[in-house]
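Shown next, in structure tokens, is the structure this report addresses.
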Amino acid sequence: KLNDFSPEEQLQFALDQMMKKNYDYSKEILENFVDKHTENQLSGSAHFWLGKIYLFEEDYRKAAIVFGEGVQKFPNSIKAAEMYYELAKSLKEMNKLPEACKTLLLLEENYKGNKFTKDPEKIKEKINCQTGS
């Protein structure tokens, strides 16, 4: 049973399921993980991957909610900057352009030097954000 595994093993199992494209099962494991391990830093990564699955499924609203929770609860997660970036992408897809721009600005301010502050997909230009840089 999954609860007998360590948090690391549970997260790895969820990612294995995701790689096999068992998205529903992976989502179930990740949602359970996020609920059970609220204080565990790995929960930041769990939020990230859960959000990514919603992006794959084009459920941008749900993705935005998950990424938003992830960055609020786990600002120090190794996935935090990437979650901000994915949140901006989700907001862009929902046509919430001012919010997407604001999210990219927060990313730049909070994670200076992170590769995602360089906007690899040029989202900021595509949605014409008016920012300082």
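The values are calculated or read from the model by the stated rules, or taken from the named source; none is laboratory data. Model, not experiment: these values are computed from the prediction. So basically every Cβ, Gly included, is an ideal-geometry build from the backbone, and we count neighbours across all protein chains shown. All accessible areas refer to the heavy atoms of the entire protein, side chains included, with ligands and DNA or RNA removed. Shrake-Rupley method; radii C 1.70, N 1.55, O 1.52, S 1.80 Å.
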*In segment 102-133, which GluC sites (Glu not before Pro) fall in coil by DSSP and have 13 or fewer other Cβ atoms within 10 Å?*
E121
*asked:* Stokes-Einstein diffusion coefficient for segment 48-123 at 4 °C in a medium of 1.567 mPa s, Rh from the Kirkwood formula over Cα pairs: what value in µm²/s?
replied: 109 µm²/s
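In the chain, once you exclude exposed trypsin sites (Lys or Arg not before Pro) (DSSP loop, at most 12 other Cβ within 10 angstrom), what's the longest stretch remaining?
On the way: sites that count: K1, K20, K21, K112, K122.
Between exposed loop sites, the widest span is 22-111.
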*Going toward the positive end of the dipole of the chain, with +1 on Lys and Arg Cβ and -1 on Asp and Glu Cβ, which of I123, H47, A64 do you reach last?*
I123
*Can you tell me the Rg and the Dmax, both Å, for the Cα atoms in the chain?*
15.0, 51
*Mind jotting down the distance between the C-alpha centroids of segment 73-133 and segment 1-35, whole Å?*
27 Å
*Charged-residue dipole, Cβ positions (Lys, Arg, Asp, Glu), segment 1-131 about Cα centre, Debye nearest 20*: 460 debye
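Between their Cα atoms, which of K21/K118; K21/K79; K73/K112; K89/K112; K27/K89 are more than 26 Å away from each other? Walk me through the intermediate numbers first.
Numbers: K21/K118 30 Å; K21/K79 21 Å; K73/K112 19 Å; K89/K112 19 Å; K27/K89 20 Å.
Flagged as over cut-off: K21/K118.
With r as the distance between the Cβ atoms of Y25 and E93 and R0 = 30 Å, compute the FRET efficiency 1/(1 + (r/R0)^6) and round to 0.05. Let's see the in-between values first.
Values: r = 25 Å, r/R0 = 0.82.
E(calc), rounded to 0.05, equals 0.75.
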*asked:* What is the sum of charges, Lys and Arg at +1 and Asp and Glu at -1, for the other residues whose Cβ falls under 13 Å from the Cβ of P120?
replied: +1
_Linear extension gain, E58 paired with K126, 0.36 nm per residue minus alpha-carbon span_ = 22.6 nm
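Over the chain, what percent of the accessible surface lies on carbon and sulfur atoms, probe 1.4 Å? Mind showing how you got there, number by number?
On the way: 3730 of 7570 Å².
The value for the chain is 49 percent carbon and sulfur by accessible area.
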